[in-house]
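Every number in this text was worked out from the coordinates using simple rules, so none of it is lab data. None of the values given here were measured: they were computed from a predicted structure. FYI the Cβ positions are ideal-geometry reconstructions off the backbone, even for glycines, and counts take in every protein chain you see.
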Amino acid sequence: MYQEGHIGIALLFYGPVAYIYLELGTPWLVLFFTTLTAITLANLPDIDLKTRFLSHRGSTHTILFALIIGLFTAFTFLGVISLFKPLPTEIRIGAWILGFLTGFTPILSHIFGDMLTPMGVKPFWPISDKKITTKMFKARNRIANTSFLIIGVFIFTSIIWLHI
């Protein structure tokens, strides 16, 4: 799957997380930056295409990688909000969870998108080397990639709109 397809699927996966942010009364500016973070992370697993020491659709296309990125964003979000003022424990826990979901969700959506292609992925590595693929369409399929982007933007925007 190409960049635009991954962004569309990330928006589909991230829509419910954004809705939770809004339900908790998160300011729009924060929602904007968390959504931008999710969109940016949607293509992070393909960093393996730009390095010689990582094989494509290897370790960066795993649930383990999604967990690592989720933990990184969780602690980053917690650190950023702690800079402004001391917060009650329940707010810090909530920020940690939403930060985790902001990092974990787009990586998981990337893995899902690549599962739809013939090359597939091994999402449970290092526990299992089993490749998962549905062979629905080739990664370079422009119609599929553009469709996912349009649907993702539409659904995400609808979720936000419904909350207003």
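A compact table of results
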{"quantity": "Packing rank of 79-90, 15-26, where each peptide gets the mean count of other beta carbons within 10 Å, highest leading", "calculated": "15-26, 79-90"}
{"quantity": "0 to 90° range, to nearest 10: angle between helix 142-163 axis and the chain longest Cα axis", "calculated": "20 degrees"}
{"quantity": "Kirkwood Rh, Cα atoms: Rg over Rh of the chain", "calculated": "1.00"}
{"quantity": "Degrees separating the helix 28-41 axis from the principal Cα axis of the chain, which is the longest one", "calculated": "20 degrees"}
{"quantity": "Cα centroid separation - segment 141-164 against segment 90-119, whole Å", "calculated": "17 Å"}
{"quantity": "Computed FRET value (nearest 0.05) for Ile151 with Gln3, which takes r as the C-beta separation and R₀ as 22 Å", "calculated": "0.90"}
{"quantity": "Inter-probe distance in nm under a simple model that places probes 7 Å from Cα toward Cβ, at Lys135 and Leu87", "calculated": "4.7 nm"}
{"quantity": "From phi via Karplus (6.51, -1.76, 1.60), per-residue ³J(HN,Hα) for segment 45-52 in Hz, x at Gly/Pro", "calculated": "x, 7, 4, 5, 6, 9, 10, 8"}
{"quantity": "Distance between modelled label sites at Val80 and Leu22, nm, 7 Å Cα→Cβ extension", "calculated": "2.0 nm"}
{"quantity": "Sum of -39500 (n - 2.57) over DSSP H runs of 4+, divided by residues of the chain (222 nm, nearest 500)", "calculated": "-22500 deg cm²/dmol"}
{"quantity": "Computed lengthening from Arg52 to Leu36, 0.36 nm per intervening residue step minus Cα-Cα distance", "calculated": "3.0 nm"}
{"quantity": "Degrees, to the nearest 10: 89-115 long Cα axis against longest axis of the chain", "calculated": "20 degrees"}
{"quantity": "Residue-wise HN-Hα coupling along segment 64-81, computed from phi with Karplus coefficients 6.51, -1.76, 1.60 (Hz; x: Gly, Pro)", "calculated": "4, 4, 4, 5, 4, 5, x, 5, 4, 5, 4, 6, 5, 4, 4, x, 5, 5"}
{"quantity": "Label point distance in nm, Phe124-Leu64, each placed 7 Å from Cα along Cα→Cβ", "calculated": "1.4 nm"}
